[in-house]
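> Here you go, one structure.
Readers should treat all values here as calculations from the given coordinates under stated rules, not as data from a laboratory. For clarity, every value in this text was computed on a predicted model and none was experimentally measured. Glycine gets a Cβ as well: all are built from the backbone with ideal geometry, and neighbour counts include every protein chain shown.
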Amino acid sequence: MVRPHQVVSALAAAVRNENVRRVQLAWGAAIATEWAHFVALGVFAYQQGGTSAVGIAGLVRLLPGAVVAPFAASLGDRFRRERFLLVMMLVGAIALAASAAAAFAENKTLVFVFAGVMGLSSTLIRPALQALLPSLVRTPDELIASNGATSTVESIGTLIGPLLAGVLVSLANVGLAFVLGAVLLLAGAALLARVKVESRIELASAADDESVGRVVTAGFRTVARTPGARLVVLLMVAQSFVRGCLNVLIVVAAFRVLHGGAADVGYLTAAIGVGGLIGAIGAMTLGGRRLAVPFGLSLVFWGVPITLIAPQPYFAATMILLAIVGAANSIEDVAGFTLLQRIIPNEMLTRVLGLIWGLAMGAVAIGSITAPAVVTAIGPRSAFLVVGSILPLLMLVTYRRLVELDRAVAPSAERELIDRVPMFAPLSLATKERVASSLVPISVSAGDLVIRAGDAGDRFYIVDDGELDIDAEGRHSTAREADYFGEIALLRNVPRTATVKATVDSHLYALQRDDFLAAVTGHRAAQAAGEAVADARLAGSEVTNV
């Protein structure tokens, strides 16, 4: 059961982070624009050439992004992700302004051409956003909360965008919907201009040393080599194909099944947004460790309501069923992308997510062009039944593998130990993951000397288990599990200020000097916390809590 205090706590975790807040507002502008563009383009295409034109419009809107995104997304790993997002917002705004001019001139060809540019922009915004979040949040729970906020904002945008577009295309002109989108994207760009990732350690990549060919294919290689990634990607692509079919079927349902008009396309699409908002709220309460099975179950609730539209050609019933689809979509997004953010190396994340969104947009495009053929062959009602059956069947086939993935994906012991060091608390989750991967395990026997006062400092230590005596000029203290030492010599560039000896057999983790300094001094809050610890210890006020 979803508890209100869990939702409030999750939302608060995301909202308190100023950078996350700005990114989410910009994302709201982007997603509202994307869906307003979808509705306006669909209505424009149907008015120009019927059902087949809607399928073609979907193809030209999504195919460029599907082809280019897996390669262009590599730029998000080579440059600052927040700046890459800003550029994509501006590209989308320019494309929509040009689309508006073409629509007012009733130039179908140019409307379709600029729809492709808009589709490319939308496709690249998503992976850059999702790759940026781990660099802005500090804990796994905050990452889930931020992904939940992303899904919530997407649902609100999916509601507001189509409603505004539906009103504009029914009362005025399709071109006005394009103008609205351009304005929203410019507002989002203004917000992104104020976002900055403070700690850069997690963005250091070997990409600068790679050939262009290896850079653009790195996403494919990473997915192929990462356990569990292929399964998640496969199911996401399958869901995207069904989404492409549904995009066309919504237009068909509005005009041919429900015998409505252009505004009904917006209302039916908005129903998905309403459900998505409810689903996103529920997704914020997902447990941090078990996400693969909820991800798979959401696919069942993605497909079954579509099959039920076939025998229920009533507007209200269709709205409710599409709302269920929207709720399932939010849970699928949060669970699926949080899984990928955990299992994909951060320096490869934009490229992998770009690959996924490229494949997803390609699948949506194929679904958009397949649905009209299915409708022609078996009729609109049967088409809903066939399309809705795809995802539940896939879930049955892959359920066992999803259970195994849940067992395999869990925070490492090193990462959990990093979370217990106060000076690392302000660091982003991505930086913590990088620091954890740099830890070197060390075993010491009772009586072994770990560091000696006066020696040069080369490492920072965290106690995994055991007990060590710390002698700081005659003041003795004991270091036990999750305690740490060695930071003073590194932060102040002075000789060791204490001697540390194991009193029992102990296990430690060591972090090399350069890795420690890159993490702590690269982040103002972390450096301030480290300096405060050093000051307290040098003053002798923290000798019992090392």
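> Looking at the square roots a ≥ b ≥ c of the eigenvalues of the Cα gyration tensor of the range 472-522, which shape do they give, rounded for a/c under 1.5, prolate if a/b is larger than b/c, or oblate?
Values: a/c = 2.55, a/b = 1.40, b/c = 1.82.
Because a/c hits 1.5 or more and a/b fails to exceed b/c, the range 472-522 counts as oblate.
> Over the Cα atoms, compute the radius of gyration (one decimal) and Dmax (the largest Cα-Cα distance, rounded to a whole number) for the range 332-432, in Å.
Every Cα atom of the range 332-432 included, Rg and Dmax give 19.8, 64 Å.
> Something else now. How big is the equivalent ellipsoid of the chain along its three axes, where each semi-axis is √(5λ) from the Cα gyration tensor, reported in whole Å from largest to smallest?
On the way: eigenvalues 509, 107, 73 Å².
Rounded to whole Å, the semi-axes are 50, 23, 19.
> Using 7 Å Cα-to-Cβ label points, what is the Ala105/Glu467 separation (nm, one decimal)?
Distance between label points: 8.3 nm.
> Something else: Starting from the range 231-338, pick out the chymotrypsin sites (Phe, Trp or Tyr not before Pro) whose DSSP state is loop and whose Cβ has at most 14 other Cβ atoms within 10 Å. All intermediate terms of the calculation are to be shown ahead of the outcome.
Numbers: sites: Phe241, Phe255, Tyr267, Phe295, Phe301, Trp302, Tyr314, Phe315, Phe337; in loops: Tyr314.
Loop-located and lightly packed - Tyr314.
> Same structure again: Under a 5 Å amide H to amide H cut-off, with H placed in plane at 1.01 Å, what residues pair with Val450 once short-range neighbours are removed?
Val500, Lys501, Ala502
> Moving on. Enumerate the lysines that Lys196 could reach by cross-link, defined here as Cα to Cα under 19 Å, with residues fewer than 8 away along the same chain left out.
Leaving aside lysines fewer than 8 places away in the same chain, those within reach of Lys196 are Lys432.
> Continuing with the same structure: Tell me whether the range 354-410 comes out rounded, prolate or oblate; compute the Cα gyration tensor, take square roots of the eigenvalues as a ≥ b ≥ c, and use a/c under 1.5 as the rounded threshold. Please report the intermediate quantities before stating the final value.
Working: a/c = 5.42, a/b = 1.70, b/c = 3.19.
Since a/c reaches 1.5 but b/c is at least a/b, the shape of the range 354-410 is classed as oblate.
> Against the longest principal axis of the chain, how steep is helix 349-378, in degrees 0 to 90 to the nearest 10, with axes from Cα atoms?
So the helix axis and the longest Cα principal axis differ by about 20 degrees.
> Helix 380-408 versus the longest principal axis of the chain: what is the Cα-based angle in degrees, 0 to 90, to the nearest 10?
10
> Go ahead and run the numbers for FRET between Arg492 and Arg401, Cβ-Cβ distance against an R0 of 60 Å, rounding to 0.05. Intermediate results must be reported in sequence, preceding the final value.
Values: r = 51 Å, r/R0 = 0.85.
Working from the Cβ atoms, E equals 0.70.
> A further question on this structure: Quick check: residue separation of Ser170 and Ala413 times 0.36 nm, minus the Cα distance between them. What number comes out in nm? Don't jump to the answer; show the numbers that get you there.
Numbers: separation 243, 0.36 × 243 = 87.48 nm, distance 5.75 nm.
The span from Ser170 to Ala413 would gain 81.7 nm if fully extended.
> For Asp448 and Phe79 in the same chain, what is the full-extension length gain: residue separation times 0.36 nm, less their Cα-Cα distance, in nm? Don't skip to the end; give the middle numbers.
Numbers: separation 369, 0.36 × 369 = 132.84 nm, distance 4.60 nm.
Contour length minus the Cα-Cα distance gives 128.2 nm.
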